[in-house]
Amino acid sequence: MPLVKITIRSGKSVVYKTALLDRVHNALVQTFRIPEHDRYQMLHELDSEHFETPSNKTDNIAIIEMSVFKGRSDETRQRLYKVIVDNLTKNSGIKDDDIMIVLYEPPLENWGIRGGKPASEVGPGFKIEI
């Protein structure tokens with residue numbers, strides 16, 4: 001049940017934004033083995049004057065923040081980063097250096113799911129330890 005927030009500069013087409021969301025979700029399905037339907041994503045668009053970045057970044061910068069259930073191995077998390085970058089740089093105009101990924105892993109008791117129950121009590125519904 002990853003909660004994904006992607007921040008980009010405004011002005012991109014609907015096709016571009018949809019592809020961005022799809023490619024990040026596909027990376028999560030592939031590497032974290034979440035169910036295909038388990039998709040919680042938000043795309044935030046900011047005007048340049050509200051989105052400061054180092055001068056070596058382009059207008060295609062994407063900051064991807066994900067809150068995920070804790071328990072994946074370092075290798076699995078590293079594979080996720082690589083697959084996201086590979087997915088986003090193919091035929092999109094995004095350079096690998098324009099992608100920043102931040103992963104948050106709050107404990108299961110800090111997730112209120114399935115009617116407000118702690119995830120630590122009801123479980124995620126899929127394997128996390130991969």
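Observations
- For the chain, the antiparallel share of DSSP beta bridges with both residues in that region comes to about 40%.
- Taking Cα Rg over 2.2 N^0.38 Å as calculated from this structure, the corresponding entry among (1) 1.10; (2) 0.98; (3) 1.96 is (1).
- In degrees, nearest ten, helix 74-89 long axis to first principal axis of the chain (Cα): 40 degrees
- For the pair V122 and L103, label points projected 7 Å from Cα toward Cβ lie 2.5 nm apart.
- Cα-centre dipole for the chain with unit charges at Cβ (Lys and Arg positive, Asp and Glu negative), debye to 20: 380 debye
- Surrounding net charge for Q41, when Lys and Arg each add one and Asp and Glu each subtract one, Cβ distance under 12 Å: +1
- Calculated FRET efficiency for the pair D86/L21, C-beta based, R₀ 22 Å, to 0.05: 0.85
- Per-residue [θ]222 nm for the chain (sum of -39500 (n - 2.57) over DSSP H runs n ≥ 4, rounded to 500): -9500 deg cm²/dmol
- C-alpha long axis of helix 14-32 to longest principal axis of the chain, angle in °: 40 degrees
- Label point at E65 placed 7 Å out along Cα→Cβ; residues across the range 28-50 whose backbone nitrogen lies under 19 Å: 40-50
Just so you know, all these numbers are worked out from the coordinates, no wet-lab data involved. Note that this is a predicted model, so its numbers are computed, not measured. Reconstructed Cβ throughout: ideal geometry from the backbone, glycine too, with neighbour counts over all protein chains shown.
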